[in-house]
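Peer 1: Submitted below is the structure of interest, expressed as structure tokens.
Readers should treat all values here as calculations from the given coordinates under stated rules, not as data from a laboratory. Note that the structure is predicted; figures quoted are calculated from it, not measured. Every residue, glycine among them, receives a Cβ derived from its backbone with ideal geometry; neighbour counts consider all protein chains shown.
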Amino acid sequence: MKLRTIFLAPGAVIMLSLFFLPLLVVLAYSFLSRGPYGGVLLPWSAESYTRIFDSLYLAILWRSVWIAAVATGICLALAFPLALYIARAGERKTLLLNLVMLPFWTSFLIRTYAWMFLLRDTGLINTALQSLHVIREPLPLLFNTGAVILGLVYGYLPFMVLPLYATLEKLEPALLDAAADLGASPLVTVWRVVVPLSRPGMIAGCLLVFIPCLGAYLTPDLMGGGKTVMIGNLVQNQFTTARDWPFGAAISLLLMGLVLLVMRALGDKGEELL
Amino acid sequence: MQTVLEVRALTKHFATHRAVNGVSFSLARGEFFSLVGPSGCGKTTTLRLIAGFEEPTSGQLLLDGQSMENLPAYRRDVSTVFQNYALFPHLTVAKNVAFGLERRGGLSRAAIAEKIARALDLVHLTGKEERLPNQISGGERQRVALARSLVLEPKVLLLDEPLSALDAKLRKEMRQELKALQRRTGIAFLFVTHDQEEALSLSDRVAIMNGGHLEQLGTPREVYCNPKTRFVAEFLGNVNWLGGAGVRPEAIRVSRDTLDGASAAIVEGQTFLGNCVHLTAKLISDGSLCTAEIHPQHCPFQAGERVFISWDASDEFRVP
Amino acid sequence: MKRFLPAYACAAYLFLYLPLLALGVFSFNSSKIAVWHGFTLDWYSSVFHNAALMEGTLNSLIIALVATAAATVIGTLAAYALWQKRSSWLTGSLYLSLLSPEIVTGVSLLVFFQWVFHFLKLQLGMHTVILAHISFSLAYVVIVVLARLQTFDRSLEEAAADLGATSWQTFRHVTAPLLLPGIVAAALLCFTVSFDDYVITSLVAGVNSETLPMIIYAMARKGVSPEVNALSVMITVGLGSLVLISGRLESKR
């Protein structure tokens, strides 16, 4: 028995039994009917899938895609100059990059909570602005779509910086010199040389940000106060309060399908960079 | 001559090209044998096939008459000295050298220690047992690699361009040490290099490879003085192709006096190389250029001067 | 342009760290509102006196330690095997597991466990959480160890084989020891990911195995509290240190 097969076996068993098999069970459940206290019952039915086309749910779907897209776009715009700066920082590159990644690896929950601390009506920002007499009433900074987008951007910004940095770092300095030599100002050089050449990094970054944003649960729940319902919240709801497991299963698969679609669309570039 | 390694019609095809194409030769016990050729000629692949890191597409490898066909690398009684030495960075010099012995098992700690001491003594590294690879010099690392392989007393020692990572002066020193080492241990060395000077100076026999083929096999003198192909002639040194025959520059005589059978030529120029002068002259008969290697003391010739070129018939060779 | 980038970068770092720094500063605030009143360590001590929090922390630690141990071993072996010869289905499924939204993974595991429990007569509990954590952290371990292996000098393995070591002996005596910093880095990362998980854990946890993130989530939903601030600071500093150590090890030659 080859060593390699032995080494591969536990990992393969885990993936099969704790990743693929559960998804198969979800698939099966999505075609069953709801049980009285949660769980599923026969008969088989495709009712869960037809319900998705209800305008209520389609609206949620659309909102999720839209929010994820906006958050990804903002991430891209914010991350690009930062990644550029770090890539050109010479010796301090690794340190600066690690400083960007560090918050991400602590606690997502806590970081989201930290924004709540800042943004709520009695939070730091409002209190500070009020005490400086800039405003009289607290601004509604939390519990709305804007807050959700902010939370998502904050949460996943490092994931956009990393692949952008990887691509920008490999950029030959000679190309920039050539552009300058041919009369391009720094801004023009960035727009016409750097940005096009960093396409792989941008695509990978968008992949790494859009997908988690699409399936976000914590951020819309905490930052949106339950008012901004995205797909993730809808799914969670079906398995707790609504107790409609087949429907929840169907939406989960829909979400998974969307994720696979995006992965396909954005290609293998993401994987290489990972 | 007792054969220790026999290579028969060895062939290795990769997806993109044929690295080794029907190579055959045999290695005698205690012989210093070199495989030489330009990069990409297949010499390293041949070595790796013998060591067991690659599987041949076809052909046979026999060690002491036994086929190595189904033997994986770790069961073959040959040992390799890698180009970058491949010393285990997390093990001391002593532990590196002991590695193969420990894998074999069956030896007491004391026996192993004694073998290590002898091996290190052989390569003049006594005293460095507890150092780590990154604490010793490049030349010392190479000697550890040698000791590590030799301590196992393999039937054949395979050396993959072991001197190419060293600077020129160290390289010359190590050449002599390697030759002495081989003589002392009596183990057959299969030495791969792209440097023809190295191959000629060290070997009992030389095999020249080109494009996956073995072009010629023989003693250094044989292959240098009697090359069988144009490639071999030009790879091993400079050649003047004059009237269908090849003559080495050092065999060319230049004189102001005419001699029997000498050809007239006009001197074009000369290059002073320190220990000799390369003089180029254009033959009047057919306009071909000829380079002669002469002692600086015997070179009063000026550019444009008329001279006479000659050489001994025994110094010329013909190739197809 | 030259002056824009550094200024922008400063602002960006500020944006990244401000919320956590604010939280940190106000965790020492003796007043419950967001106005600085005075320095106090009361909130920190009340965290330690909160039985539920302590129990949750213990649960999280146990889960993280067990899951990390298992995932690190399984993941390292898998990464080594993948480095020897690629397996596109396994690599692909690991990437998929990494990118799948947590809600989908959590739901699928919940559904799977409930289905299995039809036959096994078991309940959701610590064991299901641990299995779930092993499942989703495997990909992280494989990525870190595989990245480390990409820079590994293959000729060292060839040399070992040349000197008579079998595949297992080569792994045990040569590759694994040299890989150790990368393996430890992967383990620390795995621990961090496991300790912090909320979504998947909340779905498969059952009644008696509340983890720290679950408690924090419940408290955060009710509103901001200085106890949560103090707890958050401690967790951030703790996990942050692990990540820093992990980073150090990853880059060690």
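Peer 1: Within 10 Å of each candidate Cβ there may be at most 12 other Cβ atoms; applying that plus a DSSP loop requirement, which chymotrypsin sites (Phe, Trp or Tyr not before Pro) in segment A:51-158 survive?
Peer 2: Here the chymotrypsin sites (Phe, Trp or Tyr not before Pro) that fit, given the DSSP loop and packing criteria, are A:Phe53.
Peer 1: Now a separate question. Using the Karplus curve 6.51 cos²θ - 1.76 cosθ + 1.60 with θ = phi - 60°, work out ³J(HN,Hα) for each residue of segment A:59-69 in order, rounded to whole Hz, and write x for Gly and Pro.
Peer 2: For segment A:59-69, the Karplus curve yields 4, 4, 4, 5, 4, 4, 4, 5, 4, 4, 5 Hz.
Peer 1: Compute the orientation-averaged projected area for chain A from the convex hull of its Cα atoms and round it to one decimal in nm².
Peer 2: Average projection, Cα convex hull of chain A: 21.8 nm².
Peer 1: Report the net charge of residues surrounding B:Ala265, where surrounding means a beta-carbon distance below 11 angstrom and charges are Lys +1, Arg +1, Asp -1, Glu -1.
Peer 2: Charge balance near B:Ala265 sits at -1.
Peer 1: How about segment B:17-97: which trypsin sites (Lys or Arg not before Pro) there lie in a loop by DSSP and see at most 16 other Cβ atoms within 10 Å? Could the numbers behind the result be given before it?
Peer 2: Numbers: sites: B:Arg18, B:Arg29, B:Lys43, B:Arg48, B:Arg75, B:Arg76, B:Lys95; in loops: B:Arg29, B:Arg76.
In loop regions of segment B:17-97 (DSSP not H, G, I, E or B), the sparsely surrounded trypsin sites (Lys or Arg not before Pro) are B:Arg29.
Peer 1: In Å, what Rg and Dmax follow from the Cα atoms of the protein assembly as shown?
Peer 2: Final numbers for Rg and Dmax: 36.3, 119 Å.
Peer 1: Also, quick follow-up: Calculate how large, on average over all directions, the projected area of the Cα convex hull of segment B:59-168 is; give the answer in nm² to one decimal.
Peer 2: Seen from a random direction, the Cα hull of segment B:59-168 projects 8.1 nm² on average.
Peer 1: Mind listing the Cα extents of segment C:53-251 along all three principal axes, in Å, largest one first?
Peer 2: Largest to smallest, the principal-axis extents are 64, 43, 25 Å.
Peer 1: While we're looking at this one, here's another question. With angles folded into 0 to 90 degrees, how steeply does helix B:93-104 sit against the dominant principal axis of chain B? Use alpha carbons for both and round to 10.
Peer 2: Taking the Cα atoms of chain B, the angle to B:93-104 is about 70 degrees.
Peer 1: Still on this structure: Pairing the Cα long axis of helix A:199-214 with the longest principal axis of chain A, what angle in degrees results, from 0 to 90 and rounded to the nearest 10?
Peer 2: 40 degrees
Peer 1: So, one more: What is the distance, in nm, between label points placed 7 Å from the Cα along the Cα-to-Cβ direction at B:Glu234 and at B:Asn134?
Peer 2: For the pair B:Glu234/B:Asn134, the computed spacing is 4.6 nm.
Peer 1: Using θ = phi - 60° and the Karplus curve 6.51 cos²θ - 1.76 cosθ + 1.60, what whole-Hz ³J(HN,Hα) does each residue of segment A:70-75 get, with Gly and Pro shown as x?
Peer 2: 3J(HN,Hα) across segment A:70-75, in whole Hz: 5, 4, 5, x, 5, 4.
Peer 1: Let me ask something else. Under 18 Å Cα to Cα from B:Lys169, which aspartates and glutamates show up? Leave out anything in the same chain fewer than 8 places away.
Peer 2: B:Glu140, B:Glu161, B:Glu177, B:Asp195, B:Glu197, B:Glu198
Peer 1: Which percent, to the nearest 5, of DSSP beta bridges fully inside the protein assembly as shown are antiparallel?
Peer 2: 70 percent
Peer 1: Identify, among A:Ile231, A:Val13, A:Pro186, the residue whose Cα sits farthest towards the positive end of the charge dipole of chain A, taking +1 on the Cβ of Lys and Arg and -1 on the Cβ of Asp and Glu, with the dipole about the Cα centre.
Peer 2: Comparing the listed Cα positions along the dipole, A:Val13 ranks first.
Peer 1: Can you give the calculated 222 nm mean residue ellipticity of the protein assembly as shown, where each DSSP H run of n ≥ 4 adds -39,500 (n - 2.57) and the sum is split over every residue, rounded to the nearest 500 deg cm²/dmol? Please report the intermediate quantities before stating the final value.
Peer 2: Numbers: 35 runs with 473 residues, N = 847.
Counting only the DSSP helices, I get -18000 deg cm²/dmol.
Peer 1: Additional query: Mind checking which lysines have their Cα closer than 19 Å to the Cα of A:Lys2? Skip sequence neighbours fewer than 8 apart in that chain.
Peer 2: Cross-link targets: C:Lys85.
Peer 1: Further question on the same structure: What's the center-to-center distance, using Cα atoms, between segment A:189-224 and segment B:64-84 in Å?
Peer 2: What the calculation gives is 52 Å, centre to centre.
Peer 1: Still on this structure, I have one more. Does anyone have the angle between helix B:168-185 and the longest principal axis of chain B? Alpha-carbon axes, 0 to 90°, nearest 10?
Peer 2: Taking the Cα atoms of chain B, the angle to B:168-185 is about 60 degrees.
Peer 1: While we're here: Cβ under 9 Å from B:Ala251's Cβ, B:Ala251 left aside: what net charge do those residues give with Lys, Arg +1 and Asp, Glu -1?
Peer 2: -3
Peer 1: Using amide H atoms built in the peptide plane, which far-off residues or other-chain residues are under 5 Å from B:Ser288 H to H?
Peer 2: Excluding prolines and chain starts, which carry no amide H, the hits are B:Leu283.
Peer 1: In whole Å and largest first, what semi-axes does the C-alpha gyration tensor of segment C:1-79 yield when each eigenvalue is scaled by 5 and square-rooted?
Peer 2: The equivalent ellipsoid of segment C:1-79 has semi-axes of 34, 30, 6 Å.
Peer 1: For segment B:239-317, what number results from the quotient of the Cα radius of gyration and 2.2 N^0.38 Å?
Peer 2: Rounded to two decimals, the normalised Rg is 0.99.
Peer 1: Using a cut-off of 11 Å between beta-carbons, work out the net charge of the residues near C:Ala34 (Lys and Arg +1, Asp and Glu -1, C:Ala34 not included). Can you show the working numbers first?
Peer 2: On the way: positive: A:Arg120, C:Lys32; negative: A:Asp121.
The answer is +1.
Peer 1: What residues have an amide H closer than 5 Å to that of B:Arg131, excluding those fewer than 5 places away on the same chain, when H is modeled at 1.01 Å from N in the peptide plane?
Peer 2: Residues meeting the amide H criterion: B:Val93, B:Ala94.
Peer 1: Against the globular-protein guess of 2.2 N^0.38 Å, express the Cα radius of gyration of segment A:106-257 as a ratio, rounded to two decimals.
Peer 2: Here the answer is 1.43, to two decimals.
Peer 1: Here is a follow-up. Could you go through segment A:169-183 in sequence order and give the Karplus-derived ³J(HN,Hα) for each residue, using 6.51 cos²θ - 1.76 cosθ + 1.60 with θ = phi - 60°, rounded to whole Hz, and x for Gly and Pro?
Peer 2: Per-residue couplings from phi come out as 5, 7, 5, 5, x, 4, 5, 5, 4, 4, 4, 4, 4, 8, x Hz.
Peer 1: Going toward the positive end of the dipole of chain B, with +1 on Lys and Arg Cβ and -1 on Asp and Glu Cβ, which of B:Ala51, B:Leu289, B:Ser203 do you reach last?
Peer 2: B:Ala51
Peer 1: Please state, as a whole number in µm²/s, the translational diffusion coefficient that the Stokes-Einstein equation yields for segment A:93-174 at 10 °C and 1.306 mPa s, with Rh defined as the Kirkwood radius across alpha carbon pairs.
Peer 2: 106 µm²/s
Peer 1: Helices from chain C with mean Kyte-Doolittle at least 1.0 and a Cα length along the axis of 30 Å or more, per DSSP H: which? Walk me through the numbers on the way to the answer.
Peer 2: Details: long enough: C:4-26 (32 Å, 1.88); C:51-84 (49 Å, 1.40); C:126-150 (35 Å, 1.67); C:226-251 (37 Å, 1.03).
Result, helices passing both filters: C:4-26, C:51-84, C:126-150, C:226-251.
Peer 1: So, one more: Test of the criteria: in segment B:41-115, which GluC sites (Glu not before Pro) are in a DSSP loop and have at most 14 other Cβ atoms within 10 angstrom of their Cβ?
Peer 2: Details: sites: B:Glu54, B:Glu69, B:Glu102, B:Glu114; in loops: B:Glu54, B:Glu69.
Counting only loop positions with at most 14 other Cβ atoms within 10 Å, the GluC sites (Glu not before Pro) in segment B:41-115 are B:Glu69.
Peer 1: So, in nm, how far is label C:Phe119 from label B:Ser285 when the simple model puts each one 7 Å beyond its Cα toward the Cβ?
Peer 2: Here the modelled spin labels are 9.4 nm apart.
Peer 1: Let me see the P(r) profile for segment B:1-91: every Cα-Cα distance counted, bins of 5 Å, each bin given as a percent of all pairs.
Peer 2: Reading upward from the zero bin: 3, 12, 23, 25, 20, 11, 5, 2, 0.
Peer 1: Over the Cα atoms of segment B:155-245, each weighted equally, I'd like the Debye log10 I(q)/I(0) at q = 0.14, 0.16, 0.22 Å⁻¹, rounded to two decimals.
Peer 2: -0.56, -0.71, -1.17
Peer 1: Between B:Asp64 and residues 5 or more places away or on another chain, which pairs have amide H atoms under 5 Å apart, with H built 1.01 Å from N, and which residues are they?
Peer 2: B:Leu5, B:Glu6
Peer 1: Moving to a separate point now. Checking the table B:Lys115/B:Lys155; B:Lys12/B:Lys179; A:Lys93/A:Lys170; A:Lys227/C:Lys222 against a 20 Å threshold on Cα-Cα, which pairs fail?
Peer 2: Numbers: B:Lys115/B:Lys155 17 Å; B:Lys12/B:Lys179 30 Å; A:Lys93/A:Lys170 13 Å; A:Lys227/C:Lys222 15 Å.
Check vs 20 Å cut-off fails for B:Lys12/B:Lys179.
Peer 1: Continuing with this model, one more query. Taking Rh as the Kirkwood radius, which is the inverse of the mean 1/r over Cα pairs, what is the Rg/Rh value for segment B:3-231?
Peer 2: Taking Rg over the Kirkwood Rh, I get 0.97.
Peer 1: With chain A treated as a Gaussian network of Cα nodes joined by springs under 10 Å, which of A:Thr167, A:Thr145, A:Thr50 yields the largest mean-square fluctuation?
Peer 2: In this elastic network of chain A, the residue with the biggest mean-square fluctuation among A:Thr167, A:Thr145, A:Thr50 is A:Thr50.
Peer 1: Here is a further query. If r is the Cβ-Cβ distance from B:Gln297 to B:Glu177 and R0 is 30 Å, what FRET efficiency results, to the nearest 0.05?
Peer 2: 0.30
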